[in-house]
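None of the figures in this text is laboratory data; all of them are computed from the coordinates on show. Worth saying up front: this structure is predicted, and the values here are computed from it rather than measured. A quick note on method: Cβ atoms are made from the backbone with ideal geometry, for glycine too, and the neighbour counts reach across all protein chains shown.
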Amino acid sequence: MKADIHPKYYPNARVICSCGATWITGSTVPEIRTDVCSTCHPFYTGEQRIVDTAGQVERFMKRLERRQSESARRELEAQIRREAEEAARKARARGGNADAAAAEVYAKYAQATQN
Ligand SMILES: [Zn+2]
């Protein structure tokens, strides 16, 4: 071995995985921390599981949930608006108060969403 060009070698370097598994190996660093190893990686465990160390799946699911509730709310608002317009049209046809009929529809939904 040529002198003064090789890094320090640790024959008892410890590998520590985020799953808790640990073992000894040879390395130029005394300690190695890793996210996945052969004990927990799906390839070795045979499990159909996503290794999600950065929480990306969780973030995606949250985003999806938010978007879905948002679109559901928009849909409900559109439905209420349609119903109110329909009620106003019918009231107008009867010669009644269109605004009052529309307000009645809004009031009905306001009460329903409070309960
Ligand atoms: Zn592991």
How many nm is it between the label spots at Lys8 and Ser69, if each spot is 7 Å from the Cα in line with the beta carbon? 5.3
Tell me the Kirkwood hydrodynamic radius of region 23-78 in angstroms, computed as one over the mean inverse distance between distinct C-alpha pairs. 15.2
Cα extents of region 7-53 along the three principal axes, largest first, in whole Å? 40, 17, 16
Can you give the local net charge around Ala91? Use residues other than it whose beta-carbon is closer than 12 angstrom to its beta-carbon, Lys and Arg +1, Asp and Glu -1. 0
From the residues Trp23, His6, Gln48, which one has its Cα farthest along the dipole of the chain in the positive direction, the dipole being from +1 and -1 charges on Cβ of Lys/Arg and Asp/Glu about the Cα centre? Gln48
Among residues other than Arg59 whose Cβ falls under 15 Å from its Cβ, what is the net charge (Lys/Arg +1, Asp/Glu -1)? +1
In degrees between 0 and 90, to the nearest 10, how far off the longest principal axis of the chain does helix 98-114 point, with axes built from Cα atoms? 40
If amide hydrogens are placed 1.01 Å from N in the peptide plane, which non-local residues have theirs closer than 5 Å to the one on Tyr10? Ser27, Thr28, Val29
The helix 56-94 Cα axis meets the longest alpha-carbon principal axis of the chain at an angle in degrees, between 0 and 90 and rounded to 10, of 0
Explain nothing, just the number: dipole magnitude of the chain about its Cα centre with +1 on each Lys and Arg Cβ and -1 on each Asp and Glu Cβ, in debye rounded to the nearest 20. 260
Distribution output for the chain: share of Cα-Cα pairs per 5 Å bin in percent, first bin at 0, values 2, 9, 9, 9, 8, 7, 6, 5, 5, 5, 5, 5, 5, 5, 4, 3, 3, 2, 1, 0, 0
